[in-house]
Amino acid sequence: MLPPIAMTSSPKQILRARMKGTRRAAARARPDAAENAARHAARNFFSAIEVPDSAIVSLYYPIKDELDTEPLAAALGERAITIALPIVGAKNQPLIFRAYRPGDELVAGAYGEQVPTQDARQVRPTIIIAPLLAFTRAGGRLGYGGGYYDRTLEALRANDKPESDILAVGFGFGAQEVDALPLEPLDQPLDWVVTEREAFKT
């Protein structure tokens with residue numbers, strides 16, 4: 001009997017494994033690297049992207065080596081901008097967003113992230129700050145494979161046709177930039193990318 005055929009990794013899986021290491025190295029380059037990068041990225045965000053007073057900005061609660069969003073949250077809070085955090089609800093469904101203020105009670109989410117409690121107000125964000133493993137200059141984004149941000153952006157943008165007010169912003173380290181990604185039709189493009197080095201419109 002022939003041995004079972006081993007499943008080969010897809011190009012995305014191979015790239016995800018490599019980019020996790022790249023992001024880890026960027027976050028741990030020196031003791032204060034991640035903290036400084038987060039502050040610079042928050043500054044770049046506000047210097048490039050207009051945030052109306054009526055905006056609702058969805059941040060991610062950082063896990064592992066993701067670029068910290070705390071300085072960005074603090075700056076948004078000082079301007080009294082409504083902040084939301086994403087919640088994974090049903091599998092293969094768009095994300096749910098609940099209002100959040102720094103200091104609010106948080107509970108464990110589906111993937112080890114911190115999320116608002118069930119009694120927090122559900123909101124519809126207009127600016128979505130998305131974590132990533134890699135990005136391109138053209139707005140390509142490599143996520144973690146669950147497709148949650150892609151489904152969410154697709155649903156929000158479809159409901160806003162012919163013109164959408166949704167702004168998708170990739171947030172990560174400059175070292176996570178790549179020349180190209182193995183994108184699929186379902187993958188949603190980013191409108192902006194913000195790193196500790198720069199902010200650019202795609």
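Based on what the data block shows, is Asn44 modelled with pLDDT of 95 or more and either of a type outside the set (A, V, I, L, M, F, W, C) or surrounded by fewer than 19 Cβ atoms within 10 Å (Cβ to Cβ) (or both)?
Yes, satisfied.
Taking Pro71, is it touching a helix residue (DSSP H, G or I) at 6+ places or on another chain (Cβ under 6 Å) and either part of a loop (DSSP other than H, G, I, E, B) or aromatic (Phe, Trp, Tyr) (or both)?
Here the answer is no, as Pro71 does not meet what is asked.
Sort out which residues of the stretch 145-202 are among the β-branched types (Val, Ile, Thr) and either over 15 Å from the mean Cα position of the chain (by Cα) or within 24 Å of Ser9 (Cβ to Cβ) (or both), and write them in order of number.
Val178, Thr202
Inside the stretch 102-117, can you point out the residues that are closer than 15 Å to Ala84 by Cβ and outside any loop (DSSP other than H, G, I, E, B)?
Listed by number, the residues that qualify are Leu106, Gln114, Val115, Pro116.
Return the total of residues in the stretch 17-42 being under 30 Å from Ala99 (Cα atoms), over 15 Å from the mean Cα position of the chain (by Cα) and in contact (Cβ under 8 Å) with a residue 12 or more places away in the chain.
Residues that pass the stated criteria total 8.
State which residue is surrounded by the fewest Cβ atoms within 10 Å (Cβ to Cβ) when the search covers only the stretch 80-91 and only residues that are modelled with pLDDT of 95 or more and either among the β-branched types (Val, Ile, Thr) or under 17 Å from Arg39 (Cβ atoms) (or both).
Ile81
Give, as residue ranges, the strands (runs of 3 or more DSSP E) completely inside the stretch 124-196 that count at least 3 residues that are among the aromatic types (Phe, Trp, Tyr) and either more than 20 Å from Ala110 (Cβ to Cβ) or touching a residue at least 60 places away in the same chain (Cβ under 8 Å) (or both).
Here the list is empty.
Can you find, within the stretch 103-131, the residue that is surrounded by the fewest Cβ atoms within 10 Å (Cβ to Cβ) among those that are aliphatic (A, V, I, L, M) and under 15 Å from the mean Cα position of the chain (by Cα)?
Restricting to residues being aliphatic (A, V, I, L, M) and under 15 Å from the mean Cα position of the chain (by Cα), the top hit is Val115.
Restricting the stretch 177-198 to residues that are of a type in the set (A, V, I, L, M, F, W, C) and buried (at least 19 other Cβ atoms within 10 Å of the Cβ), which is nearest to Phe46 (Cα to Cα)?
Val194
Quick one: which residue in Leu95, Leu106, Leu85 is in contact with a strand residue (DSSP E or B) (Cβ under 6 Å, 6 or more places away or on another chain), closer than 22 Å to Asp187 by Cβ and of a type in the set (A, V, I, L, M, F, W, C)?
Exactly one of Leu95, Leu106, Leu85 is in contact with a strand residue (DSSP E or B) (Cβ under 6 Å, 6 or more places away or on another chain), closer than 22 Å to Asp187 by Cβ and of a type in the set (A, V, I, L, M, F, W, C), namely Leu95.
The values are calculated or read from the model by the stated rules, or taken from the named source; none is laboratory data. These numbers were taken from a predicted model, which means no experiment stands behind them. Methodologically, a virtual Cβ is constructed for each residue, glycine included, from the backbone with ideal geometry; neighbour enumeration extends over all protein chains shown.
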